[in-house]
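Engineer: Next up is a structure, given as C-alpha cells.
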Amino acid sequence: MTALIVHSADPLNAETPLARLRERFIIGQGDFYVRSHGSIPAIGGVQHRLSVQGRVARPLELSMAELRSRFAQRRVTAAMQCAGNRRADLQAVRPVSGDPWAPGAIGNAEWTGVALADVLRAAEVEVGAGEELHVGFGALDSVTENGRTFRYGVSIPLAKALSSEVLLAWAMSGSPLTPQHGFPLRAVVPGYAGVRSAKWLGSIEIRDAPSECPIQADDYKLHPAAETDADPSHALTIPALTINDMPLNSAICEPAPHASLPPGPTRLRGYAISTTLPLSRVEISADAGRSWIQAALEQARSPWSWSFWEAIIPLGKGRHDLVVRAWDGAGQTQPASQDEVWNDRGYLCNAWHRVSVTVA
Ligand SMILES: Nc1nc2c(c(=O)[nH]1)N[C@H]1C(S)=C(S)[C@@H](COP(=O)(O)O)O[C@H]1N2
Ligand SMILES: [Mo]
C-alpha cells in the first residue's frame, strides 16, 4: 500500500493523497481510500455463505462458488465515495463531528461480480403492486457506537437494488477484494454514498422498511443547519434526509494546496463527478471565482464513474485562489460557499473546491 493519509488506524480510516488520486482513472486497491466503522473481520472465502431471506418465495444460501456459477458475471466501472468526502472544508467554517476528510475519500474502480437483481430474481421477491420494499445488507463486522455494539447493516430501496448497476462484487480493479475493501464479498451501489455498499456481506433481507441498524437509522442523515424551526407551532416535522444519491462535485488535485510555483503556464488537474445526471462541463477560476475558463474533460467511462479534467492557465507573481466547479446536464452547478451546505455531521460537502497557491 502506498502511503494513504490515515485518520485512524483501527477502525481503519485512510484517504488517497490528492496527487496520487489523479494519477490513474482506475485506482488500485492499495491506493483506494478505506472507510470502516469497526475492525476488519477475518473471513474465510471458501466457508463464506451469503443468505437471501425475508420477503422471498425461495430463500437462498450461496457459497462464493455458487454465486459465480449460478449467475452471469458483470462488470461496472463506478466511483465509490464517502458521504464525508471533503468534510475538512466544512470544518473550516464551523466545527462538525467526524474525521477531517480532504477530497480523497473517493475513488474509481472496476467492480466484478454478479447483478444483485439476478440474485433477487432467483430468490423470487414477493412484492405487491405499489409496495415500496427495501433490500437490507447484513455485514460481518461489529461496530461500537454510543455504547452499543452491533453488526454493520444498511439498506437500499428495492427499486435501486433491481437496477443493473448494483453488484455483489468479489473483485475490484482486476484483483480479488482485499480484506480492507470487503473480502470475500461486498455490495456495490453506484451513485449512492459509499455507506450503502456494505463490505463483508453475509446476508440480504428483503424488508418492508429500511434497516433498523443504527448505521441506517441514525447515521448518514443530512440534518438541516438551522437549529430551531422558524415556526415552533409547525405541525410538520420533516425527517432528516437519508443520504443515498450523491451530489455533483469536483476537486482540484494539482497543484497542492499552498504550493509555491514558478510564474508561467500552470497545469491544474482534478476530478469531477455527477451520477444522477450526466456531467456537462468543468470550469476553473484563478481569481477566486470572478472569471472562469473551461477545463478539458476526459469523459467518464460509465455513467457511474468520475471524470478527470485538466486546464493550463498562465499565473503571474502573487497569491492565487484557484477554484473548480462542475456543471450537470440540467445546468446546475455547485454552491460557491461552504456556508450554503454546512451541516453538523459534515456530509455532502460540494461547495467550490478552492486551492490557494503562491507564485514567486
Ligand atoms: N461492513 C461494512 N461496510 C461498509 C463500511 C463499514 O464500516 N462496514 N463502511 C462504508 C462506508 S461509510 C464507505 S464510504 C465504504 C468505503 O469502502 P472502501 O473502504 O472499500 O473504500 O464502505 C462502506 N461499507
Ligand atoms: Mo462513508
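The values are calculated or read from the model by the stated rules, or taken from the named source; none is laboratory data. Everything numeric here is computed off the predicted structure, so don't read it as measured data. Quick reminder, even Gly has a Cβ in these numbers, built from the backbone with ideal geometry, and neighbours come from all protein chains shown. Just the protein is used for accessible areas: all its heavy atoms, side chains included, with ligands, DNA and RNA removed. Shrake-Rupley method; radii C 1.70, N 1.55, O 1.52, S 1.80 Å.
Engineer: Rank these residues by their accessible area, most exposed first, probe 1.4 Å: 151, 290.
Structural biologist: Highest to lowest solvent-accessible surface, that is 290, 151.
Engineer: Over the chain, average the accessible area per residue using a 1.4 Å probe and give it in Å², no decimals.
Structural biologist: 43
Engineer: Leaving ligands, DNA and RNA out of it, work out the accessible area of residue 160 with a 1.4 Å probe and give it in Å² to the nearest 10.
Structural biologist: Accessible area of residue 160: about 20 Å².
Engineer: Viscosity 0.692 mPa s, temperature 37 °C: what is the translational diffusion coefficient of the chain from Stokes-Einstein with a Kirkwood Rh over Cα pairs, rounded to a whole number of µm²/s?
Structural biologist: 153
Engineer: With every protein chain in place, what's the accessible area of residue 276 (1.4 Å probe, Å², nearest 10)?
Structural biologist: Roughly 90 Å² of residue 276 is accessible to a 1.4 Å probe.
Engineer: Next question, about the same structure. For region 101-175, what is the Kirkwood hydrodynamic radius in Å, using each pair of distinct C-alpha atoms?
Structural biologist: One decimal place: 15.0 Å for the Kirkwood radius.
Engineer: Just the projected area, averaged over all directions, of the convex hull on the alpha carbon atoms of region 249-360: how many nm²?
Structural biologist: Spelled out: convex hull of the Cα atoms, projected over all directions, averaged, 7.2 nm².
Engineer: Can you give the accessible area of residue 312, probe radius 1.4 Å, in Å² rounded to 10?
Structural biologist: Per-residue accessible area (residue 312): approximately 110 Å².
Engineer: So, one more: For a Förster distance of 45 Å, can you work out the FRET efficiency between the beta-carbons of residue 330 and residue 358, rounded to the nearest 0.05?
Structural biologist: Approximately 0.75, to the nearest 0.05.
Engineer: Pick from 155, 197, 175: which residue has the top mean-square fluctuation in a GNM of the chain where Cα pairs under 10 Å get a spring?
Structural biologist: Per the Cα network of the chain with a 10 Å cutoff, 175 tops the list.
Engineer: Provide, in order from the shortest bin, the percent of all Cα-Cα pairs of region 1-83 in each 10 Å bin, continuing until the bin that contains the maximum pair distance.
Structural biologist: P(r) for region 1-83, in whole percents per bin: 13, 30, 33, 21, 4.
Engineer: Restricting to DSSP H runs of at least four residues, report the calculated mean residue ellipticity at 222 nm for the chain, -39500 (n - 2.57) per run over all residues, nearest 500 deg cm²/dmol.
Structural biologist: Taken over the chain, the calculation gives -2000 deg cm²/dmol.
Engineer: If you line up the Cα atoms of region 162-315 on their principal axes, what length do they span on each, largest first, in Å?
Structural biologist: Reported extents, whole Å, longest axis first: 60, 54, 28.
Engineer: Return a whole-number percent for the relative contact order of the chain, with Cα pairs under 8 Å and 6 or more residues apart as the contact set.
Structural biologist: Computed over the chain, the figure is 18 percent.
Engineer: Please give, to one decimal in nm, the separation of the simple spin-label points placed at residue 148 and residue 340, each 7 Å out from Cα toward the Cβ.
Structural biologist: 3.6
Engineer: Could you tell me what percent of the accessible area of the chain is made up of carbon and sulfur, with a 1.4 Å probe and every protein chain present?
Structural biologist: Answer for the chain: carbon and sulfur cover 52 percent of the accessible area.
Engineer: Which whole-percent values make up P(r) of region 119-242 when all C-alpha to C-alpha distances are grouped in 10 Å steps starting at zero?
Structural biologist: Per 10 Å bin, starting at zero, the Cα-Cα P(r) for region 119-242 comes out as 11, 37, 31, 15, 5, 1 percent.
Engineer: In angstroms, what radius of gyration and Dmax does region 34-119 have, counting Cα atoms only?
Structural biologist: According to the Cα coordinates of region 34-119, Rg and Dmax are 18.3, 52 Å.
Engineer: Related question: Just want to confirm a number: the relative contact order over region 1-54, from Cα pairs under 8 angstrom separated by 6+ residues, in percent.
Structural biologist: Relative contact order for region 1-54 comes out at 34 percent.
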